[in-house]
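Below is one structure, written out as structure tokens; the observations come after it.
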Amino acid sequence: MASPIRITVLISGNGSNLQAVIDKIAAGQLNASIVRVISNRKTAFGLERASKANIPTQYHNLVKYKKQHPATPEGVQLAREEYDAELARLILADTPELVVCLGFMHILSPQFLEPLEAAKTRIINLHPALPGAFNGVNAIERAHAAWLEGQIDKTGVMMHDVISEVDMGTPILVREIPFQKGRDENVEAFETRVHETEWGVVIEGVDLVLKELQAQKQQSSA
Ligand SMILES: Nc1nc2c(c(=O)[nH]1)N[C@@H](CN(C=O)c1ccc(C(=O)N[C@@H](CCC(=O)O)C(=O)O)cc1)CN2
Ligand SMILES: NCC(=O)N[C@@H]1O[C@H](COP(=O)([O-])[O-])[C@@H](O)[C@H]1O
């Protein structure tokens, strides 16, 4: 088997999708190695999940950068740019081949995207919506509300490449989720169905990218 692809995972919360990836790697069903899990939130349970799996973790704190600048739009922008530049340095120091955003609730600026592109490090993201629909945060709740209004009869989840325009990168894997008849599925029950779908999509999507990266490595070494 080819050497495992080195992955850095970015999170902000529970880490159930991270756990799905950890478990598949441990079962020998994903040819990858998670070199570090980084969160922008100190209390993210995903950090505990990583530690339990003996994966190095890091909390990267935006507040520290905001405190070094005035609380003005310009100051916040500068803080975010410095934060993103340091995040890129932190990640590239581990020489990952792939960065996977799994509930990472921070919009990445060119100060992050450009250094990774220069290093040819791919960035992908899991998003609980169909391409072009419900970009951004709270996508599950927004889709459920749109369904209750009769505006949609399906939603979905996808893995996509990360570009500057949020959630508009090329889809890698898309899985549709139909709403149930009768409009009586509450948002909690629906959200559970979405997460269960995500746990499969994240594995299939990451595996597709791993195979692409392995093929590229073989071509470049041929
Ligand atoms: N430049 C990009 N950055 C990120 C992408 C992307 O496609 N391009 N994907 C996201 C993940 N994401 C949706 O899938 C997402 C995460 C967070 C936000 C957002 O509005 N964040 C706010 C803070 C919100 C909060 O703290 O609750 C912010 O950054 O100011 C939108 C979309 C990862 N980044
Ligand atoms: N816009 C990004 C976004 O909404 N991501 C979503 O955050 C959740 C993370 O769950 P987890 O922490 O249990 O993996 C997932 O539902 C993921 O799709």
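Heavy-atom accessible area with a 1.4 Å probe sorts Ser33, Ser221, largest first, into Ser221, Ser33.
Using the Cα centre as the reference, give the magnitude of the dipole from point charges on the C-beta atoms of segment 1-86 (Lys, Arg: +1; Asp, Glu: -1; all else neutral), rounded to the nearest 20 debye.
260
Using only side-chain charges placed at the Cβ, +1 for Lys and Arg and -1 for Asp and Glu, the dipole size of the chain relative to its Cα centre rounds to 620 debye. With the helix formula -39500 (n - 2.57) applied to DSSP H stretches of n ≥ 4, the chain reaches a computed 222 nm mean residue ellipticity of -14000 deg cm²/dmol. Ordering Val76, Ile22, Ser33 by the projection of their Cα atoms onto the charge dipole of segment 1-112, which places +1 on the Cβ of Lys and Arg and -1 on the Cβ of Asp and Glu, puts Ile22 at the extreme positive end. All alpha carbon pair distances within the chain were sorted into 10 Å bins beginning at 0; the resulting P(r) in whole percents reads 8, 31, 35, 20, 6, 0.
The charge dipole of segment 62-127, taken about the Cα centre with unit charges on the Cβ atoms of Lys, Arg (+1) and Asp, Glu (-1), comes to about 200 debye, rounded to the nearest 20. Taking all protein chains together and a 1.4 Å probe, the residues Lys211, Lys181 rank Lys181, Lys211 from largest to smallest accessible area. Among the trypsin sites (Lys or Arg not before Pro) within segment 28-136, those in coil by DSSP and having at most 15 neighbouring Cβ atoms inside 10 Å are Lys42, Lys67, Lys120. The residue list Leu98, Phe112, Leu126 was ranked by how far each Cα lies along the charge dipole of segment 80-132 toward its positive end, using unit charges on Cβ atoms, and Leu126 comes out on top. When the charge dipole of the chain is built from unit charges on Cβ atoms (+1 for Lys and Arg, -1 for Asp and Glu) and taken about the Cα centre, the candidate among Ala222, Ala146, Asn186 whose Cα reaches farthest toward its positive end is Ala222.
The values are calculated or read from the model by the stated rules, or taken from the named source; none is laboratory data. Given the structure is predicted, the values throughout are model-derived calculations rather than measurements. Cβ: placed from backbone, ideal geometry, glycine included. Neighbour counts: every protein chain shown. Only protein heavy atoms, including side chains, enter the accessible area calculation; ligands, DNA and RNA are left aside. Shrake-Rupley method; radii C 1.70, N 1.55, O 1.52, S 1.80 Å.
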